[in-house]
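Please treat every number below as a calculation from the coordinates, not as lab data. All of these numbers come straight from a predicted model, not from anything done at the bench. As a convention, Cβ positions derive from the backbone with ideal geometry for all residues, glycine included, and neighbour counts pool all protein chains shown.
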Amino acid sequence: MRNPADNNQPFEASPGPAGGRQGRRGRGAGPHGWHGPHAAPPHGPSFSEHKRLLLETALLTALSEKQGHGYALFERVAELLGGQVNLDTGSLYRALRVLEDTGMVTSSWEIGPSGPPRRTYTVTPAGQALLGTHVQKVLEKAKQLELLAQAAREKLKSDQTTREPDAQDDHDEQDV
């Protein structure tokens, strides 16, 4: 494998242990993963797909409240996400670009009384429909997470009740 900085040559990935290319994280067969650019792998959605769902839901929600731009939009999305996603401006603008490219949001340049022009985003009717779909997915995920938390809580309670007699037995044996 060559260093891309050497002689301005293009980077070439070396074959991995199975003969495939290294550096393709989280991607299935073919240039678009598992049967398309947004398809999930056979075992279920990846963490990046969960992040995309949450980020798009927060963006569409914020833009449904009012059109937005830059820092104010970033702050509102971060508030809606509540720390569930590690948000950075690059992720936010990439998501906005995808939503705009697919017709879910539109943008226009707004000239204010001071400072440079700024791009303002507005949700479209198609974006509102997508938000409705995302809401259902998020609610289903919330339901599944609640079931997981409940199962874990019950397991912890059952472990505590079964351990208490064992701990008492161990203590009794040490006293003998």
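Of everything in region 104-119 that's surrounded by fewer than 17 Cβ atoms within 10 Å (Cβ to Cβ) and in contact (Cβ under 8 Å) with a residue 24 or more places away in the chain, which residue is nearest to residue 51 (Cα to Cα)? My answer is 119. Counting only residues that are touching a residue at least 60 places away in the same chain (Cβ under 8 Å) and closer than 21 Å to residue 140 by Cβ, region 60-103 holds 3 of them. The residues of region 82-103 that are crowded, with 16+ Cβ neighbours inside 10 Å and part of a loop (DSSP other than H, G, I, E, B), listed by number, are 85, 87. Picking from residues in region 53-70 that are in a helix (DSSP H, G or I) and touching a Ser or Thr at 6+ places or on another chain (Cβ under 9 Å), the one that is surrounded by the fewest Cβ atoms within 10 Å (Cβ to Cβ) is 70.
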